[in-house]
Amino acid sequence: MTGPEGALGVVLETMSWVGLVPGIPLLIFGWILALRACKWIATTAEVFEAGGFQGFRWSDGDGRQYSILHEPSEVPIMDVGAHVTLHYDQCHPSRWSLARPRRTNGAILIGSILTGIGFLSIIAGFALMAF
């Protein structure tokens, strides 16, 4: 093919390579990271006070007790004895949040975009050859 069809074919083939070669390994890497990630668990924690600081006290499903003191500037001051919903990392209970954490995996996102571009370029290249 010569002319615009040939140039478009070269662009589509290049885009398929640019999309698939880094996209598929990024997807695999992202899936591995997602499988290895620890779960965040929601639980009910009790607010307590010790030494002028407030903290949270909770227990997990195995009956282990956890307590964490926090700086007053980190979270709003709450009534002692109040119960709040606390989200904590199952593998590292010292990582906690009062809001539900968002799990983002950039490798899966970028890998999906690149792989999608690669597959769309392949399909468009076959469609170009058919015409």
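The values are calculated or read from the model by the stated rules, or taken from the named source; none is laboratory data. Please read all numbers here as calculations on a predicted model, not as lab measurements. Note that we place each Cβ from the backbone using ideal geometry, even for glycine, and neighbour counts take in every protein chain shown. Heads up: the accessible areas ignore ligands, DNA and RNA and are worked out on the full protein's heavy atoms, side chains in. Shrake-Rupley method; radii C 1.70, N 1.55, O 1.52, S 1.80 Å.
For the range 1-101, which whole-number percentage of the solvent-accessible area (1.4 Å probe, protein heavy atoms only) is attributable to carbon and sulfur atoms? Provide the component values of the computation, followed by the final result.
Working: 4090 of 6810 Å².
C and S atoms contribute 60 percent here.
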Taking a crude spin-label model, label points 7 Å out from Cα along the C-beta direction, the Ile24 to His83 distance in nm is 5.2 nm
Subtracting the Cα-Cα distance of Ala50 and Ala124 from 0.36 nm times their residue separation yields 20.1 nm
For the range 53-118, the charge dipole (Cβ of Lys, Arg +1; Cβ of Asp, Glu -1; about the Cα centre) points to a positive end, and the Cα of Phe53, Cys91, Met78 closest to that extreme belongs to Cys91
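Pairs of Cα atoms under 8 Å, at least six residues apart: use those to get the relative contact order of the range 22-131, whole percent. It would help to have the intermediate numbers written out before the result.
On the way: 143 pairs, mean separation 36.7, N = 110.
The normalised contact order for the range 22-131 reaches 33 percent.
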With only helices counted (DSSP H, runs n ≥ 4, each -39500 (n - 2.57)), the per-residue ellipticity at 222 nm for the chain, to the nearest 500, works out to -16000 deg cm²/dmol
Per residue, accessible area of the chain with a 1.4 Å probe, heavy atoms of protein chains only, in Å², comes to 69 Å²
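Please compute the Kirkwood hydrodynamic radius of the range 26-71 from all pairs of different C-alpha atoms, in Å with one decimal.
13.2 Å
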Options (1) 14.5, 48; (2) 13.4, 42; (3) 25.3, 80 for Rg and Dmax of the Cα atoms in Å; the value derived from the coordinates is listed as (3)
Rounded to the nearest 10, the angle in degrees between the Cα long axis of helix 106-130 and the longest principal axis of the Cα atoms of the chain comes to 20 degrees
Zone reached by a paramagnetic label modelled 7 Å from Ala37 Cα along Cα→Cβ, restricted to the range 91-110 with backbone N below 12 Å, covers 101-109
